[in-house]
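This report refers to the structure that appears directly beneath it.
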Amino acid sequence: MKAAVYYETGPPDVFRYEDVPDPAVFPGGVLIGVEAISIEGGDTLNRAGGEMSSKPHIVGYQCAGAIREVGQGVEDRHVGQRVVATMMSGSHAELVAVPSLVTWPVADGADIVAAACVPVAFGTADDCLFEFGHLKDGETVLIQAGAGGVGIAAIQLAKQAGATVLATASSDERLERLKPLGMDQGINYSHDGWVDEVRAATGGRGVDLVVDSVGGRVLAGSVACLAYRGRCITVGNAGREPQPLDVSALMMNNASLTGVFLGAEIANERTRQMIGRHVDDVGAGRLQVVVDRSFPLAEAAAAHAYIESRRAVGRVVLVP
């Protein structure tokens, strides 16, 4: 099969498009012919400097396609069935072999490209907002990096739950595209004073919940945006900026900071059912996936470079 591989971590141009051995199906697993690959934020971070489980290494957390083969003991999946799947690595390829436990059926007629973008983004957003963020109807939430995959999912889910939704992005143009998804007010965090803008938008009170996938100095600002007893969720370091956080700000406000990692929850029944609902809702049009651009798998380097340019609104997809 063909795959986008690299032999060392680094900038996007480390990618090579090469022939590699086909993966083999295993007991409890399925072999999927990949039709669409959603590039996740973690994919770019891993390519830039993460661990390599093999050499050459195939990066990638998520893809969708049709099952080519089922392994021994798999009874709830069948050849020809369309699914979206998550994995530790390997999505940037024409074939993947994964446990059937981390696959979700895609309904007939549903867009396979949209389905490929659902589990990580919508599952992460749901856990940040509800399982760990405890968002309630009538509360105010701030979604950092609202134009990213998790941000777009979180805006929609929070709005459906009855929250007032504030979101940040790096430009006014990107913020404008978030309004139809349910954003009530946008904040351009490339400007100094964005924390003051958030507090002004809440009458000085602050927000009940922040979902922060940026980290670094932005995370410190997120904590400063909290209302009394507010909750802040940290769910990534997209800004790639290590920055010590003064936790005394939490203590003085009786606020809380919680870390979320979907991967630790993804195989349990609660999470599997939750992600399955989101896959169905996207397929039925009740939730929206925004795909900014699609690239051929052979152009994985260009796709990763485009993501890192911070121009995308929504997902960037690879198509084998």
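Observations
- Within the range 157-166, the presence of a residue that is in contact with a helix residue (DSSP H, G or I) (Cβ under 8 Å, 6 or more places away or on another chain) and of a type in the set (Ser, Thr, Tyr) is excluded.
- For the range 212-224, a residue qualifies if it is in contact (Cβ under 8 Å) with a residue 60 or more places away in the chain and either open to solvent by 10 Å² or more (accessible area, probe 1.4 Å) or more than 16 Å from residue 250 (Cβ to Cβ) (or both), and the qualifying residues are 213, 214, 218.
- Tallying residues that are acidic (Asp, Glu), farther than 10 Å from residue 95 by Cα and part of a strand (DSSP E or B) within the range 1-37 yields 2.
- Within the range 54-78, being in contact with a strand residue (DSSP E or B) (Cβ under 7 Å, 6 or more places away or on another chain), without any contact (Cβ under 8 Å) to a residue 40 or more places away in the chain and closer than 19 Å to residue 110 by Cβ holds for 66, 67, 78.
- Enumeration of residues in the range 225-249 that are surrounded by fewer than 17 Cβ atoms within 10 Å (Cβ to Cβ), outside any loop (DSSP other than H, G, I, E, B) and in contact with a helix residue (DSSP H, G or I) (Cβ under 7 Å, 6 or more places away or on another chain): 249
- The range 209-252, residues that are among the polar types (S, T, N, Q) and under 21 Å from the mean Cα position of the chain (by Cα): 213, 222, 234, 237
- Residues that are in contact with a strand residue (DSSP E or B) (Cβ under 9 Å, 6 or more places away or on another chain) and under 26 Å from residue 111 (Cβ atoms), drawn from the range 31-53: 31, 32, 33, 34, 35, 36, 37, 38, 39, 40, 43
- Residue match in the range 196-205 (condition: in a helix (DSSP H, G or I), under 20 Å from residue 122 (Cα atoms) and out of contact with any strand residue (DSSP E or B) (no Cβ under 6 Å at 6 or more places or on another chain)): no
- Some residue of the range 264-275 being open to solvent by 30 Å² or more (accessible area, probe 1.4 Å) and among the small types (Gly, Ala, Ser): yes
- If you go through the range 58-99 and keep only what is small (Gly, Ala, Ser) and surrounded by fewer than 19 Cβ atoms within 10 Å (Cβ to Cβ), you end up with 66, 71, 73, 80.
The values are calculated or read from the model by the stated rules, or taken from the named source; none is laboratory data. Keep in mind that what you see is a predicted model, and the values were worked out from it rather than measured. Neighbour counts are summed over all protein chains in view; Cβ atoms, including those assigned to glycine, are modelled from backbone coordinates with ideal geometry. We work out accessible area using only protein heavy atoms, side chains counted, and drop any ligands, DNA or RNA first. Shrake-Rupley method; radii C 1.70, N 1.55, O 1.52, S 1.80 Å.
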